[in-house]
Amino acid sequence: MLRLMARGKINWSLDIIGVRADGYHLMDMLMESVALHDTLALSPAASLALTIGGRRDLPAANNLVLKAAHVLQAACGVSCGASIRLEKRIPVGAGMGGGSADAAAALIGLNMLWNTGLDLMQLQALALPLGADIPFMLEGGIARVGGIGEDIRPLPAAPAMHVVLVQPCPGLATRTVFSAFDGLPAVKHPLTDAAQTSLLARDMALLNTYAGNVLLQASLQARPQIGEAIAALEACDAEFANMTGSGSAVFGAFHQAVHAQAAYRVLKKRWQRCWLTQTAPQGIIWEVTGNP
């Protein structure tokens, strides 16, 4: 059996720099994996079957894990199946790419289980139509991501940052947030080149000056609680705080674990959906085990 950890991500900076003729937004983002993860267990089987633990409200039938498995089957002419058990920990509707991470882990694990022999670039090409975040999730670490998610430029590893995550309200549909963004009268864009330099140096003061998330204003229109959570993180001395993706999760970054732990204790009393984690150098981790 294969057991895989599918790690979530945060967006340190997110910019929209244009719109393609087909309506897809062109992005310029700084993304990094975090240790908070879902777990997939894969075993050989005659057909495909998925069970989900940790979230009773998530239907298995439309899950990205099964969609990714079917795409890999079709691309490689695979006739066998797999029994897949997914345990959810990454918050849903949070902008952390949980579903994308699960799909990435499924592609990596099934590529091994079925011995289909695809390399990273081939898996990324299969993954992009399923979701813009999946190509990055297949690679993980820290990267600058452009286009609609297919242009991934890995960046040098940087020291781990301690992260407190808060999901203060239900999520919004990504399409809804992008539509709201399109209607904004004015947008303040981040300076992503300078933000990248600051991020790699882990200079959070400069990162606050240069980074940003252009979707924040659009999300705040429908979910003002997002702004309240960012302010609460800043009040707990987060060195950098912002929304990740299209929300509704926000995060605060700390150099010192003790400061992150103190903020977590305070914020957990106000928001049940609060997590303590840290940045991670890889997106998907796997192991072979004999345990069911």
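Numbers at a glance
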read-out: Flag for THR277 being among the polar types (S, T, N, Q), under 23 Å from ALA103 (Cβ atoms) and within 21 Å of the chain's Cα centre (by Cα); value: yes
read-out: Residues that are in contact with a strand residue (DSSP E or B) (Cβ under 6 Å, 6 or more places away or on another chain) and of a type in the set (Gly, Ala, Ser), drawn from the range 153-197; value: ALA160, ALA195
read-out: ALA60 out of contact with any strand residue (DSSP E or B) (no Cβ under 8 Å at 6 or more places or on another chain) and either free of Cβ contacts under 8 Å to residues at least 40 places away in the same chain or farther than 30 Å from ALA253 by Cα (or both); value: no
read-out: Sole residue being open to solvent by less than 30 Å² (accessible area, probe 1.4 Å), under 17 Å from GLY212 (Cα atoms) and at pLDDT 95 or above, chosen from THR197, THR192; value: THR192
read-out: Count - residues of the range 201-215 that are in contact with a strand residue (DSSP E or B) (Cβ under 8 Å, 6 or more places away or on another chain) and outside any loop (DSSP other than H, G, I, E, B); value: 5
read-out: Single residue of the range 200-230 satisfying the filter (open to solvent by less than 20 Å² (accessible area, probe 1.4 Å) and modelled with pLDDT under 95) that is farthest from SER246 (Cα to Cα); value: ALA218
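The values are calculated or read from the model by the stated rules, or taken from the named source; none is laboratory data. If you're wondering where the values come from, they're calculated on a predicted model, not measured in any experiment. In this analysis, Cβ positions are derived from the backbone assuming ideal geometry, glycine residues included, and neighbour counts consider all displayed protein chains. Heads up: the accessible areas ignore ligands, DNA and RNA and are worked out on the full protein's heavy atoms, side chains in. Shrake-Rupley method; radii C 1.70, N 1.55, O 1.52, S 1.80 Å.
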